[in-house]
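The values are calculated or read from the model by the stated rules, or taken from the named source; none is laboratory data. Just so we're clear, the structure is a prediction, and the values are computed from it rather than from any experiment. Ideal geometry is used to build each Cβ from the backbone, glycine not excepted, and the neighbour counts take in all protein chains shown. Side chains included, ligands, DNA and RNA excluded: accessible areas come from the protein's heavy atoms. Shrake-Rupley method; radii C 1.70, N 1.55, O 1.52, S 1.80 Å.
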Amino acid sequence: MDNSTQESHPRPENVVSFDSPYQIYAMAISAANRRRIAVGSFIEELNNRVDILSFSEDSSYLKPIPALSFDHPYPPTKLLFNPSPSAPRNLLASSGDFLRLWEIKDASIDNVSTLNNSKTSEYSAPLTSFDWNEAEPRRIGTSSIDTTCTIWDIEKGVVETQLIAHDKEVYDIAWGEAGVFASVSADGSVRIFDLRDKEHSTIIYESPTPDTPLLRLAWNKQDLRYMATTLMDSNKIVILDIRSPTMPVAELERHNASVNAIAWAPQSCRHICSAGDDGQALLWELPTVAGPNGIDPMSMYSAGAEINQLQWSAAQPDWIAIAFGNKMQMLKV
């Protein structure tokens, strides 16, 4: 990505592209095998696909591995590999109608488990997102349109706890420490939950305009004091310090259209990337003190189309993955 705030056109060796037959939304990079990347189709019908790609930095290619493509019911709203590089099995999780776990082998894929949030029905309210706990990889937390967050023990295949987290649909969830997670909702709030005290939550931010939904949440794993969220139909990224609730420490407002995705740098506590409907991926460095005119991005990349998703993984800290239309690109940072 270019280190100026002008529209950039990186050198070809710094951009690696994959063209899918389908529109792409969900993406994940494997911690156990950093050359493996999962991408999910976004087709508004039952039959969808997940492809496992092979990524080569040296040869600059992204190629599907035919034996590792599989059918997925409905578009996956999120994909994540087990965050532990030393896990005995290379597991991939997906959310949609259910939380599903898939074991990625050398030449095949097995559906290990299908986990249903509902205690009373064979059907589950759609899952909007989930997060895999890096400190305790047996835990996955899911968010749902039914106002709940569900914490799964995936080793036992049982619900550890289920909380009515918000007044309206929950759109995203993120782990902080082993037993602490946060969520955002259509009710316009960011709430933090501690599994040691399930009866209470802490509201650390509310939309300035009542009932403006918050869509995305990213917790800074390098400095857990900070998290970022985005508002529906807004060009703003709100940076929060959990020590001083209600007042953002910064608001990043250089996108020209709605922000769709955010990700903190996996190797730096002061860098965050955002992408949106303006086709821009912006890389920001947060100053110690924001100036009177706001914060400008340190670099930008123009995709030429609305960017729906981005990932910045500890497995590939020098590359940012973006998805727009039927294309996925890896951008060298």
Q: Return only the number of the condition from (1) within 29 Å of residue 14 (Cα to Cα); (2) open to solvent by 10 Å² or more (accessible area, probe 1.4 Å) that residue 241 does not satisfy.
A: (1)
Q | Flag for residue 65 being surrounded by 13 or more Cβ atoms within 10 Å (Cβ to Cβ), within 19 Å of the chain's Cα centre (by Cα) and of a type in the set (Val, Ile, Thr) | A | no
Q: Enumerate the pairs (first residue in the range 284-308 and farther than 17 Å from residue 253 by Cβ; second residue anywhere and open to solvent by 30 Å² or more (accessible area, probe 1.4 Å) and among the aromatic types (Phe, Trp, Tyr)) with beta-carbon separation below 8 Å, excluding pairs fewer than 6 apart on the same chain, so at least 6 apart or on different chains.
A: 308/25; 308/42
Q: Please state which of the following conditions residue 17 fails to meet, knowing it meets all the rest: (1) more than 22 Å from residue 283 (Cα to Cα); (2) surrounded by fewer than 20 Cβ atoms within 10 Å (Cβ to Cβ); (3) modelled with pLDDT of 95 or more; (4) of a type outside the set (A, V, I, L, M, F, W, C).
A: (1)
Q) Between a first residue in the range 43-64 that is under 21 Å from residue 111 (Cα atoms) and without any contact (Cβ under 8 Å) to a residue 60 or more places away in the chain and a second residue that is hydroxyl-bearing (Ser, Thr, Tyr) and open to solvent by 80 Å² or more (accessible area, probe 1.4 Å), which pairs have beta carbons less than 7 Å apart while being 6 or more apart in sequence or on different chains? A) 46/74; 48/74
Q: Return yes when residue 43 is touching a helix residue (DSSP H, G or I) at 6+ places or on another chain (Cβ under 6 Å) and modelled with pLDDT of 95 or more and no when it is not.
A: no
(Q) Can you tell me how many residues within the range 133-170 are in contact (Cβ under 8 Å) with a residue 12 or more places away in the chain, open to solvent by 60 Å² or more (accessible area, probe 1.4 Å) and aliphatic (A, V, I, L, M)? (A) 3
Q: Using the structure shown, decide if residue 173 is open to solvent by 20 Å² or more (accessible area, probe 1.4 Å) and in contact with a strand residue (DSSP E or B) (Cβ under 7 Å, 6 or more places away or on another chain).
A: no
